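A short worksheet on the structure shown next.
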Amino acid sequence: MRVEFTKMHGLGNDFVVLDARVSPLAVAPGLARALADRRTGIGCDQVIVLVPSPTADLGMRIFNADGGEVESCGNASRAVTMLLGHPARIETLGGVIVGEPEPGGATIDMGKPRFEWQDIPLAYAMDTLALPVGWEDLESPCAVNVGNPHVVFFVPDCDAVDLERLGPLIEHDPLFPERVNINVATIAGPGRVKLRVWERGAGLTRACGTGACATAVAAIRRGLMPREVTVDLPGGSLQIAWPMAGAVRMSGSANESFRGSFDLADYAG
C-alpha cells in the first residue's frame with residue numbers, strides 16, 4: 001500500500017502530513033517514529049495526520065518524533081491551514097482551533113490560555129505565574145497551557161543556556177506528570193522577545209508555535225510586554241497577540257517543501 005505525504009515546515013519546524021480523511025490510515029507510535037527518523041525515514045519533527053471530525057471541519061493528530069501523541073502544535077496548524085487553502089476549524093486533542101490562510105502563511109486562533117495548576121498540569125498546587133522551583137540557573141518559571149503544557153524562563157541570554165542538557169531534565173521532572181515543553185526567553189526590546197525551545201518528545205527545534213504563544217502570554221502576565229509581541233526564534237519570527245482575557249492569535253509563515261509517497265510495508269513493525 002502506497003501512502004502519499006506532503007512535507008511542510010513552519011520556520012524550520014518540519015512535518016510529514018498524511019491525509020487520512022477519505023482513506024483511513026492507522027498511525028501508531030512505531031510508524032510515526034519510523035517516518036520521523038532523519039536517517040532511515042522521511043525525516044521530521046512531527047508526523048501530522050488529518051482525520052474526519054464530528055465537531056469541526058477536520059481533525060489533526062500530532063505525533064512527535066519519539067512517537068508520542070501530543071495535544072497541539074502551532075507551526076503545524078499554520079502549515080495545515082495553508083495546505084487547505086481556506087479558513088477551517090481544526091479539532092486537536094488540545095481543543096478546537098481556527099485557522100485562516102494568508103499569503104505565505106496563516107493566522108491561527110489558538111484559544112484561551114489556561115493557568116490553573118491542574119490545567120498545566122502540575123503534580124501539585126502552586127502559583128503558575130512564578131513556580132517556586134529551579135533547575136540550576138533556571139528558576140521561577142511561568143507555567144501556561146496553550147493546548148499543551150509549557151514553562152517559560154526569562155533569562156539574560158537565552159543563547160547561553162545549555163538547553164540540550166537541561167531540557168530533558170526539566171521535561172521529565174516528576175512535577176510535570178504529562179511532561180512539559182521548556183522555553184528560555186530574553187527580552188530583546190519593546191514588544192520583542194528572543195526565544196529558544198526544548199520541545200517535549202522532539203528536542204531542540206528551530207521554532208515552536210505554541211512555545212511562542214506561551215512565552216508571549218507569560219511575558220504579558222508578568223508585565224514585561226504589551227498585548228502584541230514579536231517572538232524571534234532560530235528559524236524566524238512569529239507575531240503573537242493576546243487581547244485582554246481573549247484567545248491567543250498567532251501569525252507567521254508556513255511552507256511546503258515537497259510531496260511524495262512511501263510503501264507502508266517499508267515502515268511496518
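The values are calculated or read from the model by the stated rules, or taken from the named source; none is laboratory data. Because the structure is a prediction, the values reported are computed rather than measured. In this analysis, Cβ positions are derived from the backbone assuming ideal geometry, glycine residues included, and neighbour counts consider all displayed protein chains.
Within the set of pairs 6 or more residues apart or between chains, which connect a residue that is of a type in the set (Lys, Arg) inside the stretch 167-185 to a residue that is part of a loop (DSSP other than H, G, I, E, B) and crowded, with 18+ Cβ neighbours inside 10 Å with Cβ atoms less than 9 Å apart?
Filtered contacts from the stretch 167-185: Arg179/Arg200; Arg179/Gly201.
Restrict the check to the stretch 227-246 and report whether at least one residue is crowded, with 18+ Cβ neighbours inside 10 Å, on the phi < 0 side of the Ramachandran plot, of a type in the set (A, V, I, L, M) and not in a strand (DSSP E or B).
The answer is no; no qualifying residue exists.
Please go through the stretch 1-55 and give me each residue that is among the polar types (S, T, N, Q) and either in contact with a His (Cβ under 9 Å, 6 or more places away or on another chain) or surrounded by fewer than 14 Cβ atoms within 10 Å (Cβ to Cβ) (or both), ordered by number.
Ser23, Thr40, Thr55
Only one of these is more than 11 Å from the chain's Cα centre (by Cα), part of a strand (DSSP E or B) and assigned by TED's automatic domain parsing to the domain that holds Gly134: Arg196, Arg179. Name it.
Testing whether each residue is more than 11 Å from the chain's Cα centre (by Cα), part of a strand (DSSP E or B) and assigned by TED's automatic domain parsing to the domain that holds Gly134 leaves just Arg196.
Out of curiosity, is Arg200 touching a residue at least 40 places away in the same chain (Cβ under 8 Å) and crowded, with 24+ Cβ neighbours inside 10 Å? It would help to see each step written out before you state the result.
Working: touching a residue at least 40 places away in the same chain (Cβ under 8 Å): yes; crowded, with 24+ Cβ neighbours inside 10 Å: yes.
Taking the combined requirement at face value, the residue satisfies it.
Does Val16 fit the bill of being without any contact (Cβ under 8 Å) to a residue 40 or more places away in the chain, among the β-branched types (Val, Ile, Thr), in contact with a helix residue (DSSP H, G or I) (Cβ under 7 Å, 6 or more places away or on another chain) and not assigned by TED's automatic domain parsing to the domain that holds Cys208?
yes
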